[in-house]
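The values are calculated or read from the model by the stated rules, or taken from the named source; none is laboratory data. Quick caveat, the model's predicted, so the values are computed rather than measured. Quick reminder, even Gly has a Cβ in these numbers, built from the backbone with ideal geometry, and neighbours come from all protein chains shown. SASA here: full protein model, heavy atoms, side chains in, ligands and nucleic acids out. Shrake-Rupley method; radii C 1.70, N 1.55, O 1.52, S 1.80 Å.
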Amino acid sequence: MTAVQSETPRAEADSGYNFAYLDEQTKRMIRRAILKAVAIPGYQVPFASREMPMPYGWGTGGVQVTAAVIGSDDVLKVIDQGSDDTTNAVSIRSFFVRTTGVETTEKTRDATLIQTRHRVPETPLSEDQILVYQVPIPEPLRFLEPRETETRRMHALEDYGLMHVKLYEDIAHHGHIATTYAYPVKVAGRYVMDPSPTPKFDNPKMNHSPALQLFGAGREKRIYAIPPHTEVVSLDFEDHPFEVQQWDNACALCGATDSFLDEVIMDDAGKRMFVCSDSDYCEERRAAGHVGEEGVPL
Amino acid sequence: MKTVFSESPLLQAEGIEKRFGRVHACNDVSLDLYPGEVLGIVGESGSGKTTLLNILSGRIEPEAGVVEYAVREGGMRDVHQMGAAERRMLMRTDWAFVHQNPRDGLRMNVSAGGNVGERLMAVGARHYGQIRDTAVDWLQKVEMEAGRIDDLPRTFSGGMQQRLQIARNLVTRPRLAFMDEPTGGLDVSVQARLLDLLRGLVGDLGLAAIVVTHDLAVARHLSHRLAVMRRGEVVETGLTDQVLDDPQHPYTQLLVSSILKA
Ligand SMILES: [Zn+2]
């Protein structure tokens with residue numbers, strides 16, 4: 001992690017704050033939780049979540065994790081629903097620019113640290129990158145077992161039958177596994193983890209990813225991690241195997257057939273088209289000359 | 001009922017002690033249970049019978065005494081000394097626990113099929129179709145309509161919920177069932193049908209059971225042997241008919257006469 005190296009703020013950072021807003025003691029506490037999380041892949045490590053100058057729904061867990069690992073030579077990318085320019089992404093990015101002065105980017109390839117809500121970038125990540133997820137509900141067993149003492153015991157005893165009960169209920173009611181977001185995974189053959197709230201489309205990208213993946217839940221005060229090159233298996237049944245979402249369409253702008261597509265409404269007449277949810281990926285493809293049905297060459 | 005039981009016990013309790021404040025809930029209780037045998041524990045409320053059931057089933061710790069269970073792998077294991085994972089596995093596979101209130105033993109937000117299938121999934125079943133077939137089979141065994149497999153427990157009557165709880169527990173074909181007033185809270189006619197069903201299942205499966213009840217009619221219907229508890233002590237044990245038709249201890253005599261009057 002670059003975080004433990006230089007932490008000298010750059011000139012453009014607001015000098016009224018400590019580097020990355022949190023005080024050094026808090027950052028050390030969070031790093032200890034992160035190290036424990038890395039040592040026990042998929043295990044939810046409790047941490048003393050701090051008040052951040054933004055509401056919980058804005059991803060304060062992810063923000064605290066990012067604040068604890070960011071260094072002044074990091075290049076930060078912030079995405080929300082795959083896009084760099086939603087209000088949430090913009091304000092988190094500007095928060096870190098103000099408190100650290102780090103360089104930012106919209107390009108997945110150029111980033112060393114990526115904070116995300118909802119998506120894993122389509123562009124494959126590399127060993128020198130860290131992906132930080134903002135997590136609202138870290139407990140995959142919560143849906144069927146509201147008691148915290150009981151879910152902890154289930155994790156401790158690797159007693160995960162309940163997770164399959166949830167998938168069973170899906171098939172019983174919908175004819176197939178209808179869970180498309182927060183689809184449960186087993187990490188390194190041991191802990192069942194909720195990658196919430198990313199679409200299951202992104203689950204395979206978590207498997208054996210060369211990048212370090214960190215998950216922060218602010219309100220629930222939990223941090224968990226997938227170390228690089230760790231096995232991440234989506235739970236399923238033999239006769240209802242895990243499948244990712246598929247679209248009949250290609251991206252209307254770049255023609256991609258391998259990316260997660262959002263349906264967008266084009267005009268008042270209700271004209272629709274499907275475009276890549278990962279705007280950087282779409283742009284990169286268009287820059288490389290790919291053109292979709294509705295797209296124009298860049 | 002006359003049955004010949006095998007030589008070595010399935011469950012053995014020795015010198016069980018438990019106090020709650022000044023109340024002596026279990027005072028030097030010892031008992032044996034043999035494979036396929038149904039033991040009724042009768043007594044009034046406050047006699048310590050439910051506490052004893054919870055201790056025998058590993059749900060609460062005794063202050064003194066030992067509970068041993070003959071595990072499938074062979075040998076007697078101290079129920080309270082085994083690890084949490086091993087005890088949980090036992091509770092998921094080889095043991096059943098039927099609560100008086102089906103809400104305590106069912107997942108109310110999970111369909112009937114999911115309730116029955118949970119134990120199978122907990123021990124590694126990963127084929128949806130097979131889990132479902134087994135669930136249908138068990139719903140039929142407890143005389144529930146297979147067509148209601150996807151309905152939630154709250155849409156069932158109390159008697160049906162109790163049947164569902166039984167199916168959910170027996171699906172892994174346990175060897176031992178703990179039952180706490182299994183027909184309590186049900187209408188008399190519903191109770192009678194459930195008792196017949198339970199008796200049939202216990203016989204068919206060769207299930208051993210410990211049934212706690214204040215209702216001597218339930219005890220007579222289900223159990224081969226009885227233990228009568230009063231103020232934390234077992235005051236009389238014996239074959240069910242013997243104890244109920246020819247009680248020796250004055251307390252048992254009182255209990256039997258009061259039920260006859262009622
Ligand atoms: Zn595209």
Per principal axis, largest first, the Cα atoms of chain B extend in Å by 55, 43, 40
Of all beta bridges DSSP finds with both residues in the protein assembly as shown, what is the antiparallel percent, to the nearest 5? 55
Do you know the relative contact order of segment B:106-173, to the nearest whole percent, from alpha carbon pairs under 8 angstrom that are 6+ apart? 47
How are the C-alpha pair distances of segment A:87-148 spread across 10 Å bins, as whole percents from the shortest bin up? 17, 42, 24, 14, 2
Which value, to two decimals, describes the C-alpha radius of gyration of the protein assembly as shown once divided by 2.2 N^0.38 Å? 1.24
Roughly how many debye, to the nearest 20, is the charge dipole of chain B about its Cα centre, given +1 on each Lys and Arg Cβ, -1 on each Asp and Glu Cβ, and no other charges? 700
Placing +1 on the Cβ of each Lys and Arg and -1 on the Cβ of each Asp and Glu in the protein assembly as shown, which of A:Y21, A:T100, B:V110 has its Cα farthest towards the positive end of the resulting dipole? B:V110
Give me the inter-chain shielding for A:147-154: mean count of other chain Cβ atoms within 10 Å, whole number please. 1
Using only alpha carbon pairs under 8 Å that are at least six residues apart, calculate the relative contact order of chain A and give it in whole percent. 20
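Per DSSP helix of 4 or more residues, -39500 (n - 2.57); summed, then divided by the residues of chain A. What does that give at 222 nm, rounded to the nearest 500? Could you put the intermediate results ahead of the total?
Working: 7 runs with 76 residues, N = 298.
It lands at -7500 deg cm²/dmol.
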Could you pull out every residue, at least 5 positions away or on a different chain, whose amide H is within less than 5 Å of the one on A:V45? Hs are placed 1.01 Å off N in the peptide plane, and Pro or chain starts have none. A:I223, A:Y224
Whole-angstrom gap from segment A:201-265 to segment B:36-75, using each part's C-alpha centre: 48
Listed residue (A:S234, A:M193, A:S259) projecting farthest to the positive dipole end of segment A:182-287, Cβ model: A:M193
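According to the Kirkwood expression over distinct Cα-Cα pairs, how big is the hydrodynamic radius of segment B:83-142, in Å?
Numbers: mean 1/r = 0.0796 Å⁻¹.
Evaluated on segment B:83-142, it is 12.6 Å.
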With every protein chain in place, the accessible area of B:S189 for a 1.4 Å probe, in Å² rounded to the nearest 10, comes to 80
Given springs between every Cα pair under 10 Å in a Gaussian network model of chain A, which of A:T105, A:T66, A:T87 has the largest fluctuation? A:T87
Listed pairs A:K166/A:K200; A:K36/A:K200; A:K27/A:K77; A:K27/A:K221; A:K107/A:K205; A:K166/A:K186 exceeding 22 Å between Cα atoms: A:K36/A:K200
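Restricting things to Cα coordinates, could you compute the convex hull volume per residue of segment B:210-262 in Å³? Intermediate results must be reported in sequence, preceding the final value.
Details: hull volume 4.0 nm³, N = 53.
About 76 Å³ per residue, rounded to a whole number.
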Springs between alpha-carbon atoms under 10 Å, Gaussian network over chain B: tell me which of B:Y251, B:Y128, B:Y34 tops the mean-square fluctuations. B:Y128
Under the √(5λ) rule applied to the eigenvalues of the Cα gyration tensor, what semi-axes describe the equivalent ellipsoid of segment B:1-145? Give them in Å, descending. 30, 19, 17
Mean-position separation - Cα centroids, segment B:210-250 and segment A:133-150, in angstrom: 45
Any chance you could tell me what percent of the C-alpha pair distances in segment B:106-173 go past 13 Å? 56
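Roughly how many Å² is the accessible area per residue of segment B:106-173, as a whole number, for a 1.4 Å probe?
Values: 2420 Å² over 68 residues.
For segment B:106-173, the solvent-accessible area averages 36 Å² per residue.
Based only on Cα atoms, what Rg/Rh ratio does segment A:131-244 have, Rh being taken as Kirkwood's radius?
Details: Rg = 13.6 Å, Rh = 14.4 Å.
With Rg and the Kirkwood Rh in hand, the quotient comes to 0.94.
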Please report Rg (one decimal) and Dmax (integer) in Å for the Cα set of chain A. 19.6, 59
³J(HN,Hα), Karplus 6.51/-1.76/1.60, whole Hz, each residue of segment A:187-195, x for Gly, Pro: 9, 6, x, 10, 8, 7, 10, 9, x
In Å², nearest 10: area of A:D258 left accessible to a 1.4 Å probe: 90
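Carbon and sulfur together cover what percent of the accessible area of the protein assembly as shown at a 1.4 Å probe radius? The partial results should precede the final answer.
Values: 12020 of 24540 Å².
C and S atoms contribute 49 percent here.
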